[in-house]
Structures are given as structure tokens and as C-alpha cells.
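Q: I am attaching a structure below and will ask some questions about it afterwards.
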Amino acid sequence: ATPLAIAAGIRDAARRGIVIVSDAVFEDAADIDTVVLDKTGTLTDGEMRLLDTVAEGASAGAVRRRAAAVERASVHPIAEAIVDGVDGVGEGGESGEGESDGSGVAAADGGTTIGGDGEAPSTGNETAREPSIAEVSVTDRGVSGTVDGDEVVVGHPSLFDGDEWAVSDRLRAAGEAARDDGNVPVYVGWGGAVRGVLVVGDEVRDGWEAVVSDLAAGGRRVVVLTGDSPAAAGRFEAHPDIDEVFAEVPPEAKAETVRRLAATERVAMVGDGSNDAPALAAADLGVSIASGTDLAADAADAVLLEDRLPAIPELFAVTRGTNRRLK
Ligand code: ADP
Ligand code: MG
């Protein structure tokens with residue numbers, strides 16, 4: 001065995017923005033049968049934007065302001081989109097009507113209220129003063145916290161499945177429409193009712209189709225894993241080289257899905273985000289994408305520094321070259 005070949009491989013990888021965390025990568029990458037790709041932040045750029053707000057039983061402004069108040073505690077891309085959208089910075093908030101949350105000026109209701117039935121609801125605090133927030137907790141599927149005395153829950157619709165929550169048909173329909181468009185509906189509720197749906201979306205990364213085909217051309221099965229709905233993953237399902245899409249996999253079940261696959265095949269998992277770390281660790285080869293958190297990097301065997309998808313097939317090419325030299 002020649003450490004020189006390994007050193008050369010590490011250098012080749014580094015040139016492509018790939019950090020080899022463990023030497024075992026060279027061995028592990030050699031006989032991967034299945035590459036599991038996380039959706040959000042991996043196949044998509046993870047640059048979520050707040051696209052729309054649908055409110056009921058509260059104003060769109062109140063829904064956005066209260067959601068942002070608790071999302072400030074989260075580093076999830078969806079949380080950042082909501083906070084930025086409400087603050088009116090970044091690309092968020094399509095409504096260039098100068099939302100003024102936090103500006104001290106009375107907030108316009110803001111946002112688009114699709115299906116607008118003209119109701120001007122008045123629940124919640126309509127003024128733009130800073131809400132008072134307490135005891136925010138962040139989970140894998142959302143956040144919750146006390147805002148101006150109400151326990152506000154923000155996140156995946158499944159958080160609101162219980163009997164304690166009322167969801168109007170109109171809001172449910174808005175959520176489903178968002179999914180059908182490939183976007184993520186985020187429910188916002190307090191006082192026993194869902195009061196709004198925030199529509200959040202991001203874009204697929206350049207060249208993802210070719211990367212999938214490259215991976216498949218190497219004889220590997222390509223699988224997509226996402227917490228989002230089958231509809232949101234529909235464009236991936238349609239790619240001829242994608243074998244299988246696992247949708248609506250709750251974050252805590254991703255590692256289990258990888259483990260199940262790894263029982264019969266050699267599995268590489270490519271992911272990002274704080275909640276992908278256990279899945280990366282469960283794979284035979286864990287690859288994290290740069291925008292991932294430190295935690296994800298810790299669990300990974302290789303890290304893609306630039307969020308460039310072609311680095312994934314390049315990693316396999318580099319390791320193949322190194323293995324050839326080692327023989
Ligand atoms: P993916 O599997 O596509 O990478 P994640 O596992 O990161 O997505 O998150 C799964 C789902 O949980 C998201 O699509 C979203 O519905 C919900 N979610 C997680 N964190 C938050 C948050 N801070 N705010 C709102 N929704 C959240
Ligand atoms: Mg993710």
C-alpha cells in the first residue's frame with residue numbers, strides 16, 4: 001500500500017473542492033451500489049424564499065410576524081426564508097410593497113392572500129411592535145414558542161394532525177396547491193387553529209440531471225430521500241435514471257431508511273443540513289455538502305466544499321483512480 005497514492009488522491013479531490021475526511025473513503029467509494037441523494041440543500045440549492053402567505057382567522061401580517069418571531073431560533077433554510085421574507089431582506093417576499101415589520105410603522109397586512117376572499121381578520125396583534133417571545137423550541141419538523149402569550153407552532157403540516165388543531169378546508173387546499181407546485185407549505189397555528197400557510201420554495205441546482213445520469217452510468221442505483229411530499233419530489237421521480245424516491249420521510253427516519261438499504265447494498269448518502277447527520281453516519285459512505293452544518297461535516301467521510309453537484313461523480317472518479325494506483 002502506498003500512502004503516496006492516497007496523498008495524490010486527497011490532492012486531486014481537494015482541487016475539486018472535495019475534502020476527504022477519512023482515508024477509508026477510497027475503499028468505501030469503490031463498491032457503492034446505491035447513491036442516496038437528499039433533496040433540500042442537496043439537489044436543490046436550499047435557498048428557500050418565502051413565496052406566498054395565505055391567512056385565515058388572522059391577518060397575513062400577523063401570521064408572518066409571529067412565524068418569523070419563532071423561526072428566528074432555527075437555522076433551517078426554511079426558517080431563514082421566513083425570517084428574511086418578513087424582514088424584507090434577501091430574495092424573500094415577492095411583495096415589494098415595503099413590508100415594515102419591526103420598523104415601528106404600522107404593518108401593512110402584507111403578503112399575498114391567495115383565494116383572497118377579502119376578509120380582513122383581526123385576530124392576533126396587528127401592530128408592528130416587536131412581539132414578545134418566550135421558550136422557543138426547535139424540532140426536526142418545525143419550531144414553536146410563546147409569542148405575545150400564545151403558543152405559536154410553525155412547521156410541517158403533520159405537526160397539526162392532532163385533534164387539538166382545526167385546519168380550514170381553504171388552508172388545507174392552499175397547502176396542497178403549494179405542494180403540487182413543488183413548494184413547501186409551512187403551517188402556522190396558535191390557539192387551536194392553523195391561521196396561515198407560508199409557501200416556501202427553492203430551486204434545483206444546475207446540472208442535477210447530468211449528475212444523476214453520471215452516477216447511474218457508473219452502474220449505481222440513484223435514490224432520492226426527502227421529508228417533503230411526493231409532489232414536491234415529482235420532478236426527481238420523473239428522471240429516468242432515478243430509481244426510487246422516498247418522500248415524506250421524517251428527519252428522524254432518514255437514518256433508518258439508509259440503514260435498511262445498507263443491509264443489502266453498499267450505500268452512499270449525500271446530504272446537508274443538521275438533520276441529515278445521522279443518515280450520513282448510517283451510510284457506508286457519507287458525503288456532506290458545504291452548506292451543511294458542522295454537525296453534518298462531522299458525520300461525513302467526505303465534504304464537498306463548493307456546493308457543486310458534479311463533485312459527487314468526481315469523488316467516485318478520483319477514488320477509482322487512486323484505487324487503480326494502489327493496486
Ligand atoms: P429535506 O428532507 O427535503 O431535506 P428536511 O428534512 O430538512 O427536508 O425537513 C423536512 C420538513 O420539515 C421540511 O420540508 C419542513 O416541512 C419541515 N421543517 C423542518 N424544519 C422546519 C422549520 N424550522 N420551519 C418550518 N418547517 C420545518
Ligand atoms: Mg435536507
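Q: Hey, Trp190 hits all of (1) touching a residue at least 60 places away in the same chain (Cβ under 8 Å); (2) within 14 Å of ligand 1 (Cβ to nearest atom); (3) under 19 Å from Val143 (Cβ atoms) but one; which does it fall short on?
A: Result: Trp190 passes all but (2).
Q: Between Asp52, Asp45, which is in contact (Cβ under 8 Å) with a residue 40 or more places away in the chain, out of contact with any helix residue (DSSP H, G or I) (no Cβ under 7 Å at 6 or more places or on another chain) and away from ligand 2 (no atom under 16 Å from the Cβ)?
A: Details: Asp45 fails: away from ligand 2 (no atom under 16 Å from the Cβ).
Residue meeting the stated conditions: Asp52.
Q: What strands (runs of 3 or more DSSP E) completely inside segment 215-327 contain at least 1 residues that are at pLDDT 95 or above and aromatic (Phe, Trp, Tyr)?
A: Passing ranges, in order: 244-246.
Q: Could you give me the residue pairs with C-beta distances under 9 Å whose first residue belongs to segment 204-223 and is farther than 14 Å from Ala317 by Cα and surrounded by 18 or more Cβ atoms within 10 Å (Cβ to Cβ), whose second residue is among the acidic types (Asp, Glu) and modelled with pLDDT under 95 wherever it lies, and which are 6+ apart or on separate chains?
A: Short answer, once both residue conditions are applied: Arg205/Asp45; Arg205/Asp307.
Q: Then there's this: Which numbered condition in (1) more than 16 Å from the chain's Cα centre (by Cα); (2) more than 14 Å from ligand 2 (Cβ to nearest atom) is the only one that Thr257 fails?
A: Among (1) more than 16 Å from the chain's Cα centre (by Cα); (2) more than 14 Å from ligand 2 (Cβ to nearest atom), Thr257 violates only (2).
Q: Next question. Looking only at segment 5-59, which residues are part of a helix (DSSP H, G or I), over 27 Å from the mean Cα position of the chain (by Cα) and among the acidic types (Asp, Glu)?
A: Across segment 5-59, the qualifying residues are Asp12, Glu27.
Q: Oh, and also: Of all residues in segment 1-18, count the ones that are β-branched (Val, Ile, Thr) and surrounded by fewer than 17 Cβ atoms within 10 Å (Cβ to Cβ).
A: Qualifying residue count for the region: 1.
Q: Take the residues of segment 173-206 that are of a type in the set (Lys, Arg) and not in a loop (DSSP other than H, G, I, E, B): which is modelled with the highest pLDDT?
A: My answer is Arg195.
Q: Name the residues in segment 159-186 that are within 16 Å of ligand 2 (Cβ to nearest atom) and polar (S, T, N, Q), would you?
A: Selection gives Asn183 alone.
Q: Of the numbered conditions (1) closer than 16 Å to Ala55 by Cα; (2) within 16 Å of ligand 2 (Cβ to nearest atom), Trp190 satisfies every one except a single condition; which is it?
A: (2)
Q: When you look at Asp23, is it closer than 18 Å to Val245 by Cα, surrounded by fewer than 19 Cβ atoms within 10 Å (Cβ to Cβ) and out of contact with any Cys (no Cβ under 8 Å at 6 or more places or on another chain), yes or no?
A: So Asp23 fails the test.
Q: Condition test on Asp214, is it under 15 Å from the mean Cα position of the chain (by Cα) and acidic (Asp, Glu)?
A: no
Q: I've got another one for you. Keeping to segment 136-172, report how many residues are in contact with an Asp or Glu (Cβ under 8 Å, 6 or more places away or on another chain) and either surrounded by fewer than 18 Cβ atoms within 10 Å (Cβ to Cβ) or in a strand (DSSP E or B) (or both). If you could, list the steps in order and put the result at the bottom.
A: Filtering segment 136-172 down to residues in contact with an Asp or Glu (Cβ under 8 Å, 6 or more places away or on another chain) leaves 140, 143-146, 154, 168, 170-171.
Keeping just the survivors that are either surrounded by fewer than 18 Cβ atoms within 10 Å (Cβ to Cβ) or in a strand (DSSP E or B) (or both) gives 140, 143-146, 154, 168, 170.
Selection size over segment 136-172: 8.
The values are calculated or read from the model by the stated rules, or taken from the named source; none is laboratory data. All of these numbers come straight from a predicted model, not from anything done at the bench. Every residue, glycine among them, receives a Cβ derived from its backbone with ideal geometry; neighbour counts consider all protein chains shown.
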